[in-house]
1. Multiply the residue gap between F49 and D115 by 0.36 nm, knock off their C-alpha separation, and tell me the result in nm, one decimal place.
2. Reachable aspartates and glutamates from K93, Cα under 15 Å, same-chain residues fewer than 8 places away excluded?
3. If Lys and Arg each add +1 and Asp and Glu each add -1, what is the summed charge of the other residues whose beta carbon sits under 10 Å from the beta carbon of N131?
4. State, to one decimal in nm, how far the label point of D60 lies from the label point of I158, with both points 7 Å from Cα in the Cβ direction.
5. Within segment 114-128, find all residues whose amide N lies under 20 Å from a label point positioned 7 Å from the Cα of V83 along Cα-to-beta-carbon.
6. Pop out the ³J(HN,Hα) list for segment 123-136 in order, Karplus 6.51 cos²θ - 1.76 cosθ + 1.60 with θ = phi - 60°, rounded to Hz; leave Gly and Pro as x.
Amino acid sequence: MKNSNHYIKLLFILSFGLGCCFNAWAQKSKYNQREFNKLRANNVVEGAFGSAVPNGDYPDPMFEVFMRIGYKRYVINHLNINVSYNKFNLAFKDVFNEGFMSFDVNLEATLFPYDKFTPYIYVGGGVHASNYLKTSEAKMQGGVGLEYIISDGVGVKIFSDYNEVFSDEVDGNVYGASNDVYWRMAIGLNFYFGASKRKVKSKRNVPTIINSNQIINK
């Protein structure tokens, strides 16, 4: 695989970040699932809109449209597994502008899941494909983001990720020994649902001494 040292450095940085996340988890071990569910829940649907920019074999890269929809599942309060579908264009001024998609799977760590505001980081792999799946290549990605809970079960977020495709043919020009790379950045929303203990049971149906043992006057 090309640029193996580059991959090792990237994975080391992301692994260090994940280690910091688990350290934060150890420090906040006093919190339980009830505390987590005051703000969030185990299932998340996400949507985002932003830009993608390539780092390839041509000069003058351009920012183009990027959209994402996805689903996350928390396995513990600090860690989730997520999948997403991403649609975007990659462009270089006057020479290249094509549409692509990717299907990503990530392991994501939430640093402060009991707070409204939290950073998060993620790392994973996926498939990069051209429109209509004419070509496809494996890829790896890693990213960082910030989330703020704006209302019950809804969070607004900003994030950016680095994507490296295991090919030098994404932009149609093979040059040198480097794989093609692109960056994506976006703003979006997280919608939390399921396994939530935020709801408080109504007291209307709770029996009381007066209701269950009525005094009858004779």
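Taken together, the values in this text are just the output of simple stated rules run on the coordinates, not laboratory data. Note that the coordinates shown come from a computational prediction; the quantities given were computed from them, not determined experimentally. All Cβ positions, glycine included, derive from the backbone under ideal geometry; neighbour counts span all protein chains shown.
1. 21.3 nm
2. D57, D60, E64, D171
3. Once all neighbours under 10 Å are counted, the net charge is +1.
4. 2.9 nm
5. 122-128
6. Karplus-based 3J(HN,Hα) across segment 123-136 equals 8, x, x, x, 10, 9, 9, 7, 4, 6, 6, 5, 9, 8 Hz.
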